[in-house]
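The values are calculated or read from the model by the stated rules, or taken from the named source; none is laboratory data. What you are looking at is a predicted structure, and each value in this text was computed from that prediction instead of being measured. Positions of Cβ are backbone-derived with ideal geometry, glycine not excepted, and every protein chain shown enters the neighbour counts.
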Amino acid sequence: MICMIVRVELAAGMKGEYMKEYRKIASAVKQQEGCIEYNLFVDSEDPRFDNEKRADTLVFVEKWESIEALQGHSGSDVMQRFRERVKGLRAGSAYELLKPAVSDADILGKEDE
């Protein structure tokens, strides 16, 4: 499994329009081969935490069975059309590609030490 975290910085006031475009593709993406999770997040406004609250930032959290599944998703017609529709809404983006530090197989059956 791999995880992709994508932070999207939007042009001022474009969050609603970007989320509208996300809603159009989310179901199709979640049905793509190898998709485990594909969700869009905003900063929490929970007062118990002091995280930064960025008005024009969205964060994708994607989990895929393999890098090949992610590559298939990235090159899909759905994503090509999505990128075309949102390119004028974005100010920039950055991503992190992650892999598990410890696998489930490594920890199953092991007690805390």
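Number of residues in the range 1-25 that are in a loop (DSSP other than H, G, I, E, B) and within 15 Å of ASP77 (Cβ to Cβ): the value is 0. Take the residues in the range 80-103 that are surrounded by 10 or more Cβ atoms within 10 Å (Cβ to Cβ) and of a type in the set (A, V, I, L, M, F, W, C); name whichever of them is nearest to MET1 (Cα to Cα). Per the criteria, the residue is LEU98.
For LYS87, state whether it is under 30 Å from ALA12 (Cβ atoms), of a type outside the set (Gly, Ala, Ser) and either modelled with pLDDT under 95 or in contact with a helix residue (DSSP H, G or I) (Cβ under 6 Å, 6 or more places away or on another chain) (or both). Yes: the conditions hold for LYS87.
Quick one: would you say ALA69 is surrounded by 12 or more Cβ atoms within 10 Å (Cβ to Cβ) and either in contact with a Gly (Cβ under 8 Å, 6 or more places away or on another chain) or among the aliphatic types (A, V, I, L, M) (or both)? When the stated conditions are applied, ALA69 passes them.
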